[in-house]
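Data first, discussion second: the structure below is written as structure tokens.
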Amino acid sequence: MSATLPLRCRVCDAETDGSAAPIACPSCGALLPVHARVSPFALLGVARPRFALGRDELERAWLTRSRRVHPDRFAAKSEAERRCAAEQVAALNDAKRALFEPYDRALWLVQQASVTPPQLAQQALVELMEQRERAEEDAAARASIVDDARARFRARLEELGRTLAPLDEADDGYTAPSPPLRRAAALLAELKTLARLVDDLGGGKLIGTLDAR
Ligand SMILES: [Zn+2]
């Protein structure tokens, strides 16, 4: 996870470790490109991948770093420098998108450890389909079905936090498949299905990036 990712400065040729997503070359100060394999956590200044992260913390980290590479600051610089700035901006925006929502963050962690989110269990799938049909036929039942699905979503999200908490504490919690990660993957499948049900029944988006998933 913390493997070295060598980056070479195009100005002074110094080699830097890109795994901590450095913005500028420590030797000459020129902007550095972004290593293709750097983690979104490193880009947002979080030393080790983890699930428990505050939205404010991520927002602040994104803002602080985005200011340092804002295109306006490099408007008068060389084309190579401007290209690096644009690359850093794009990488920061991608990192924010990948980590901002708990659902997306957990999905990244699960996939990083090569665990594939499973299909939802047949029984759960049938149950959800029945609820959807009932809500479509019976407007009075609709509100309570949406409420139930929202409550279940919240409960599963809390369980996701409890499931991943021990991995957050371990140095190598997210480097290989493990029972908690497989449980997390199953919870993600259920969360996505519940979010779709709520969204389809007009209850709003429980996962902001649902349509992109
Ligand atoms: Zn340099």
Given the conditions (1) in the same structural domain as residue 194 (by TED's automatic domain parsing); (2) assigned to a helix (DSSP H, G or I); (3) closer than 30 Å to residue 20 by Cα; (4) not charged (D, E, K, R), report the number of the one that residue 151 does not fulfil. (3)
Only one of 141, 91, 86 is of a type in the set (A, V, I, L, M) and within 27 Å of residue 200 (Cβ to Cβ); which? 141
What residue, among those in region 54-82 that are touching a helix residue (DSSP H, G or I) at 6+ places or on another chain (Cβ under 7 Å) and either of a type in the set (A, V, I, L, M, F, W, C) or modelled with pLDDT under 90 (or both), is surrounded by the fewest Cβ atoms within 10 Å (Cβ to Cβ)? 71
Among the residues of region 1-40, count how many are part of a loop (DSSP other than H, G, I, E, B) and within 13 Å of the ligand (Cβ to nearest atom). 16
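The values are calculated or read from the model by the stated rules, or taken from the named source; none is laboratory data. The shown structure was predicted, so the numbers you read here are calculated from the model rather than taken from an experiment. We place every Cβ from the backbone using ideal geometry, glycine too, and count neighbours over all the protein chains shown.
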